[in-house]
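**Q** I am attaching a structure below and will ask some questions about it afterwards.
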Amino acid sequence: MSSEVKKEKIVRAPIVAVMGHIDHGKSTLIDYIRKTKVAEQEAGRRHAEAGFGLAEAGGITQHVSAYEILYTGEDKKERRITFLDTPGHEAFEGIRRRGANTADIAVLVVSAEDGVKPQTLEARDRILESKLPFIIAITKIDKPSADEERTKQSLAENALYVEGYGGNIPCVPLSSKTGQGVNELLEMISLVADLEKFESDNSALGSGVIIESELNPRRGVTSVCVVKNGKVFKGLFAASEGTVAPLRFILDCTGRQVEEIEAGRPVQIVGWTNPPQIGAEFKTFLKKEEAEEYAEQSKGKTLNTDSQGLALKEEDLTLENGETMRLSLIIKADTSGSLEAVAYEVNKLSRERIKPKIINSGIGTINENDIKAAIASSAVIIGFGVKVDIRAKALAERAEISVFTFEIIYELMDKVSGILEEKEPHIEVEEAVGTIKVLKIFSVAKDKQVLGGRVLQGEIKRGGNLKIMRRESEIGKGKIKELQQSRMAVESVQEGNEFGMMVESKIEIAPGDILEVYLKVTK
């Protein structure tokens, strides 16, 4: 578009990231707002198909979800607000970071039951790093154990000083169950938006941020984006790092095809040549050639990625020494954000003698190519939020390839941890159990020696192995064949007691020697 075109400045809708600790009510809050305020009441049922889905399993948000509402404020003006719901589980830290960087305003959710928790602090840090104006929503005030004052005290102890409690951070107590306080939160968001005055050039070609991408079986590579400036409309060409998409049709957050989307709103772009990098900027162009040029020039700008679009650090996959075993893994996930989160968690599961190594990864259904790659590398295939196609399943069964699919990240990590434990090489180690001081030698006959001693430390048992120490140096090994106390055969002797024993050893033991008793244990 010509630079001579006059700019058409408009105030756009605010983009609000809802952040906080897992199970503090982020998704419940957004769900209440969505159900009561969204223009299309059936929009929620269309989200999954459109790629804006609730993205929950077991009550855990596992993707960034984008929702748009129309809200009539106290001034009777209709306002549009876009909400981003970010996952609370620690594995999705990267997604939360992108949510904060994409948003204009943050809502930090804190439960009135639990107060500040680890992901609360992490979300706080992301918000402060991004220099976002933010509001604290104290949720679950309808619960019997809710304590607003204790929660505010918990916030203050973590340098979050709310209005009326030593600071100037807006704070709204609310219940997502009864709706109490929700309108007040929306009013506060509108007030902050009015103060900040988020603007867009409505005459510009649309640009924004990729917040999620997936491989849709019917439509191909699709992405959920938020338009930050300008207008996206049919007939343009979208471009991001290393990938382009012709805008033959675009979808709003209800999954409906629309002619155009203005700034401040989520949009789904379909038909990318490659999965776009989440967190990357996208721009739109009138000509395909311009889009391709931008895609090439901006390639690798956000993060270094592997060929499947998964952000990995080389040190995450490097073994500390050549003797450590590797568990080869192929990971498939429903979205790029999930793929990144799973890879991050998997690489934290290293054990002493075995480490996971992701040899291949991607988004979309587990297919025959994945099975063939697993056959060639003896890999285990892990799927997150995806299914196994029929041909791949048959091939996996014939080739005896292990394929596991999950909807909840906790269960996935437990399984990978279990596989690592099962495949970790077992080694025999010496475990010290007691120390003996030799007091007297009674007899020596070939390899058998009868002696008297005292247990200095621990407990010794018949059948135990021992190291013969003389002047702090090991001079040989032996084995306890018999134990006696008060001329009676015993199985063990406790610390501090004197006893007699028969030792089998080729080394002649002398009074004053220290015998270190140990057991051989397989670990």
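**Q** Taking a threshold of 30 Å on the Cα-Cα distance, which of the pairs 228/348; 332/355; 143/332; 228/299; 348/477 fall above it?
**A** Going by Cα-Cα distance, 228/348; 143/332; 348/477 fall outside the 30 Å limit.
**Q** With a point put 7 Å past each Cα toward its Cβ, work out how far residue 440 is from residue 299 in nm, to one decimal.
**A** Taking the two extended label points, one gets 8.7 nm.
**Q** Taking every pair of alpha-carbon atoms in segment 318-386, give the share separated by more than 13 Å as a whole percent. Let's see the in-between values first.
**A** Numbers: 1448 of 2346 pairs.
Tail of the P(r) past 13 Å holds 62 percent of the pairs.
**Q** Let me check something: with ligands and nucleic acids excluded, how do 325, 19, 413 order by accessible area (1.4 Å probe), largest to smallest?
**A** These residues rank, largest area first, as 325, 413, 19.
**Q** Then there's this: What Rg and what Dmax come out for segment 388-523 when only alpha-carbon atoms are used, in angstroms?
**A** Here Rg and the maximum Cα pair distance are 24.9, 77 Å.
**Q** Sort all Cα-Cα distances of segment 174-288 into consecutive 10 angstrom bins from zero, then give the percent of pairs in each bin up to the one containing the longest distance.
**A** Spelled out bin by bin, segment 174-288 gives 14, 40, 25, 17, 4, 0 percent.
**Q** If the only charges are +1 at each Lys and Arg Cβ and -1 at each Asp and Glu Cβ, what is the size of the charge dipole of segment 341-401 around the Cα centre, to the nearest 20 debye? Display every interim value, and only then the final one.
**A** Numbers: 10 positive and 7 negative charges, 36 e Å.
The dipole magnitude comes to about 180 debye.
**Q** When the Debye formula is applied to the Cα atoms of the chain, each taken as the same point scatterer, what base-10 log of I(q)/I(0) results at q = 0.08, 0.12 Å⁻¹?
**A** These q points yield log10 I(q)/I(0) values of -0.64, -1.06.
**Q** What FRET efficiency do you get for residue 353 and residue 410 if R0 is 22 Å and r is their Cβ-Cβ distance, rounded to the nearest 0.05?
**A** So the FRET efficiency works out to roughly 0.35.
**Q** DSSP loop (so not H, G, I, E, B), at most 11 other Cβ within 10 Å: list which trypsin sites (Lys or Arg not before Pro) in segment 99-191 pass both filters.
**A** When the trypsin sites (Lys or Arg not before Pro) of segment 99-191 are filtered for loop state and at most 11 Cβ neighbours within 10 Å, 131 remain.
**Q** Another question, then. For residue 382, what charge total do you get from the other residues with a beta carbon under 9 Å from its beta carbon, if Lys and Arg give +1 and Asp and Glu give -1?
**A** On the way: positive: 332, 415; negative: none.
Summing Lys and Arg as +1 and Asp and Glu as -1 gives +2.
**Q** Next question. For the pair residue 159 and residue 257, how long in nm is the line joining their label points, each one 7 Å along Cα→Cβ?
**A** Inter-label distance under the simple model: 5.2 nm.
**Q** Sticking with this one: Place the peptides 260-267, 27-34, 217-224, 331-338 in order of packing, highest mean first, counting for every residue the other Cβ atoms within 10 Å and averaging per peptide.
**A** Order by mean packing, descending: 331-338, 260-267, 27-34, 217-224.
**Q** Using only alpha carbon pairs under 8 Å that are at least six residues apart, calculate the relative contact order of the chain and give it in whole percent.
**A** It rounds to 10 percent for the chain.
**Q** Post the alpha-carbon centroid distance, segment 105-165 to segment 209-249, in whole angstrom.
**A** Centre-to-centre (Cα) distance: 35 Å.
**Q** Please name which of 134, 181, 221 has its Cα lying farthest along the dipole of segment 77-233 towards the positive end, using unit charges on Cβ (Lys, Arg +1; Asp, Glu -1) and the Cα centre as origin.
**A** Comparing the listed Cα positions along the dipole, 221 ranks first.
**Q** Report the FRET efficiency, 1/(1 + (r/R0)^6), for residue 70 and residue 431, where r is their Cβ-Cβ distance and R0 is 51 Å, rounded to 0.05.
**A** On the way: r = 68 Å, r/R0 = 1.34.
Efficiency, from the Cβ-Cβ distance: 0.15.
**Q** Given the rule -39500 (n - 2.57) for each run of at least 4 DSSP H residues, summed and divided by the residues of the chain, what is its mean residue ellipticity at 222 nm, to the nearest 500 deg cm²/dmol?
**A** Here the helix-only value at 222 nm equals -7000 deg cm²/dmol.
**Q** What list of ³J(HN,Hα) couplings, whole Hz, do you get for segment 391-396 from phi and the Karplus terms 6.51, -1.76, 1.60, once you set θ to phi - 60° and write x for glycine and proline?
**A** 5, 5, 4, 5, 5, 4
**Q** Also, quick follow-up: If I stretch the segment between residue 147 and residue 292 completely, what's the gain in nm (0.36 nm per residue apart, minus their alpha carbon distance), one decimal?
**A** Working: separation 145, 0.36 × 145 = 52.20 nm, distance 5.55 nm.
Extra length from residue 147 to residue 292 when fully extended: 46.6 nm.
**Q** Moving on to the next point. Can you give the translational diffusion coefficient of segment 154-222 in µm²/s, computed by Stokes-Einstein from the Kirkwood radius over Cα pairs at 37 °C and 0.692 mPa s? All intermediate terms of the calculation are to be shown ahead of the outcome.
**A** Numbers: Rh = 16.4 Å.
For these conditions, the coefficient is 200 µm²/s.
**Q** Using only the Cα atoms of segment 346-457, what are the Rg and Dmax in Å?
**A** Every Cα atom of segment 346-457 included, Rg and Dmax give 25.8, 77 Å.
**Q** Turning to a different aspect of this structure: Order these peptides, 238-246, 466-474, by their mean beta-carbon neighbour count within 10 angstrom, highest first. Show your work: numbers first, answer last.
**A** Details: 238-246: 25.1, 466-474: 14.2.
Output ranking for 238-246, 466-474: 238-246, 466-474.
**Q** Just order 277-285, 114-122, 157-165 by mean Cβ neighbour count inside 10 Å, highest at the front, would you?
**A** Numbers: 277-285: 24.0, 114-122: 19.0, 157-165: 14.2.
My ranking of the peptides, most packed first, is 277-285, 114-122, 157-165.
**Q** List the residues, sorted by chain then number, that are 5 or more residues from residue 405 or on another chain and whose placed amide H is less than 5 Å from its amide H.
**A** For residue 405, whose amide H was placed from the backbone, the distant partners under 5 Å are 383.
**Q** What is the diffusion coefficient of segment 87-244 in µm²/s, taking the Kirkwood radius over Cα pairs and the Stokes-Einstein relation at 20 °C with a viscosity of 1.002 mPa s?
**A** 120
**Q** Taking a probe of 1.4 Å, how large is the accessible area per residue of the chain, in Å²? Display every interim value, and only then the final one.
**A** Working: 25290 Å² over 523 residues.
Dividing the accessible area of the chain by its residue count gives 48 Å².
**Q** More than 22 angstrom separation, counting every C-alpha pair in segment 96-173; what % is that?
**A** Numbers: 570 of 3003 pairs.
Summing the P(r) tail past 22 Å for segment 96-173 gives 19 percent.
**Q** Let me ask another. Please give the residues of segment 162-193, grouped as numeric ranges, whose backbone N is less than 19 Å from a label point set 7 Å along the Cα-to-Cβ vector of residue 36.
**A** 171-191
**Q** Compute the signed sum of charges (Lys and Arg +1, Asp and Glu -1) over the other residues within less than 10 Å, Cβ to Cβ, of residue 18.
**A** Residues close to residue 18 contribute a combined charge of 0.
The values are calculated or read from the model by the stated rules, or taken from the named source; none is laboratory data. These numbers come from a predicted model, not from an experiment. Backbone-built Cβ (ideal geometry, glycine too); neighbour counts: all protein chains shown. Note: accessible area is taken over every heavy atom of the protein model, side chains too, but ligands, DNA and RNA are not part of it. Shrake-Rupley method; radii C 1.70, N 1.55, O 1.52, S 1.80 Å.
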